[in-house]
1. Pull up the range 139-157, narrow it to residues that are of a type in the set (Gly, Ala, Ser) and crowded, with 18+ Cβ neighbours inside 10 Å, then point me to the one that is modelled with the lowest pLDDT.
2. Determine, yes or no, whether residue 207 is among the charged types (D, E, K, R), touching a helix residue (DSSP H, G or I) at 6+ places or on another chain (Cβ under 7 Å), modelled with pLDDT under 70 and within 18 Å of residue 60 (Cβ to Cβ).
3. Report, by residue number, each residue of the range 111-138 that is part of a helix (DSSP H, G or I) and either open to solvent by 40 Å² or more (accessible area, probe 1.4 Å) or among the aromatic types (Phe, Trp, Tyr) (or both).
4. Would you tally the residues in the range 158-177 being modelled with pLDDT under 65 and in a helix (DSSP H, G or I)?
5. Determine which single condition residue 34 fails, assuming it passes every other condition in (1) within 14 Å of the chain's Cα centre (by Cα); (2) part of a helix (DSSP H, G or I); (3) more than 15 Å from residue 167 (Cα to Cα); (4) modelled with pLDDT under 90.
Amino acid sequence: MMVAACVAVGLALRHAPGLRGVLGDTALLRGGVGGRVVFLLAGSAMCAVGLPRQLVCFAAGVAYGAGEGTVLASLATLTGAACGFGWARSVGRAGVRRRLAGRLARLDGVVTAHPFTAILTMRLLPVGSALMLNLLAGVSGAGFAPFMLATLLGSLPQTVVFVLLGGGARIGHGWQVALAALLFAGSGALGLWLARRMARRGDGTGDVTGHASDTP
């Protein structure tokens, strides 16, 4: 649904008479280092509070194109994830544990035992809540380094997907939209394969994937 919504927005911005100028009105974001800082601050804040990071990636594609947009969107994603992880671990641990008490024990065991694989798997799946995963990792025994590396690698496919959608909307490259759709399907299939593999090993990730993957 998010992919379809971004495609629809891109078509509207390109073809609707009253909206055509919006794609070109990115001077503030493209205004040197200052524009990039504004984007990173706004994008990181959106990711930190659980707003759809796909919108951040789409905006990065519109403003900066595929290459730079992917880098900036990834930085915003990592910063937002680190904020959620750090808050849960240092400030809100007790509150998060109370909120997730019904299912925390099993999820905590999965993430603590296999932090990189579990977080990577949940990031790749196109369902669930990125914010909840950030908080869960923060209150679990997962290390910060495995969490960040798994977040970077697991988020990258969807980051590229939505940056390509934004870039394709801006410059009219239909191949970018087609490539984005293929990448989205491929990343979801990889996430499902990893989840089933862990479930067969008895790690319980099958219960996690419906609640804490990378798409809000």
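1. 140
2. no
3. Initial filter on the range 111-138 (part of a helix (DSSP H, G or I)): 111-113, 115-124, 130-138.
112, 113, 116, 117, 131, listed by residue number.
4. 7
5. (1)
The values are calculated or read from the model by the stated rules, or taken from the named source; none is laboratory data. In this text, all values refer to a predicted model and were calculated from it rather than measured experimentally. Here Cβ is always computed from backbone atoms with ideal geometry, including for glycine, and neighbour counts include all displayed protein chains. The area values use the complete protein model at the heavy-atom level, side chains included, leaving out ligands, DNA and RNA. Shrake-Rupley method; radii C 1.70, N 1.55, O 1.52, S 1.80 Å.
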